[in-house]
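Inspection log for the structure reproduced underneath, given as structure tokens.
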Amino acid sequence: MAILRQPFNTHLNLGNGVLVPEGVKVVRHLSDMKDMYQDQDAVQHLLKDGDPLIYVVYNVEVPEEAGELQHCTSIVYPGRVGNEFFMTKGHFHSRAGTAEIYLTLRGRGILLMQAQDGRTATLDMFPGSVSYILPYWAHRSINVGPEPLVFFAVYPGDAGHNYGVIEEKGFAKMVLAQDDAPVVVDNPRYACRRT
Ligand code: PAN
Ligand code: ZN
């Protein structure tokens, strides 16, 4: 017999992004994504003094099925690896033709996106920004401010996450601090890795 489900609430703390119940919590430290940063000397230096926490995701538990809606909050902490701001790993969806919405609650960020043909786009993330990530576009969020970047995301139940392409090739662009302000520049390693 099918299990009878009931509609349910989750409580989202609008100040810090924490969900109650917290659901499935994903925690990413620098060591989980050290090859993704440009300045490997800075990576080694930071790892010597510990292993900084880069971001946390709280996922409401929902079946990974068509018709369902995954939803979660992400908290990307402020900081840099060399000149590169703390960021998420970034991914395509496994079912690539699925969109996503990010509602930013706190902080300042840049949402970096990349189509399968290599075209890139960025959107500013700020409290109240509702960013629409197109189907087939990879996406990464970068904290460019002094406080945690907190955003709520909703996406199709069966979208899944494909990290492999980004782990292998990276994004064509990266976000660096120049005089403390974020600038979007070409990623020199992206061209190398494509050849
Ligand atoms: C987000 C991301 C979250 C963490 O919920 O999964 O911000 O980023 P990574 O998954 O790239 O580590 C989302 O886009 N879900 O599809
Ligand atoms: Zn996604």
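Miscellaneous remarks
Yes/no per residue for (1) surrounded by 13 or more Cβ atoms within 10 Å (Cβ to Cβ); (2) in contact with a Ser or Thr (Cβ under 9 Å, 6 or more places away or on another chain):
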site	(1), (2)
L12	yes, yes
L19	yes, yes
D35	no, no
A42	yes, no
K48	no, no
I54	yes, yes
G67	no, no
P78	yes, no
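- Whenever a residue of the range 140-161 is within 16 Å of V60 (Cβ to Cβ) and more than 13 Å from ligand 2 (Cβ to nearest atom), its partners that are open to solvent by 20 Å² or more (accessible area, probe 1.4 Å) and assigned to a strand (DSSP E or B), lying with C-beta atoms within less than 9 angstrom and at least six residues away or across chains, give the pairs V150/L105; V150/R106.
- Out of G109, G164, one residue alone is closer than 17 Å to N83 by Cα, without any contact (Cβ under 8 Å) to a residue 60 or more places away in the chain and within 16 Å of ligand 2 (Cβ to nearest atom). It is G109.
- Among the residues of the range 55-81, the ones that are closer than 14 Å to Y102 by Cβ and either away from ligand 2 (no atom under 15 Å from the Cβ) or among the polar types (S, T, N, Q) (or both) come to 4 in all.
- Restricting attention to the range 130-144, the residues that are touching a strand residue (DSSP E or B) at 6+ places or on another chain (Cβ under 7 Å) and open to solvent by 10 Å² or more (accessible area, probe 1.4 Å) total 5.
The values are calculated or read from the model by the stated rules, or taken from the named source; none is laboratory data. Computed from a predicted model, the values in this text were never measured in an experiment. Note: ideal-geometry Cβ built from the backbone for every residue, glycine included; neighbour counts use all protein chains shown. Note: areas computed on protein heavy atoms with side chains; ligands, DNA, RNA excluded. Shrake-Rupley method; radii C 1.70, N 1.55, O 1.52, S 1.80 Å.
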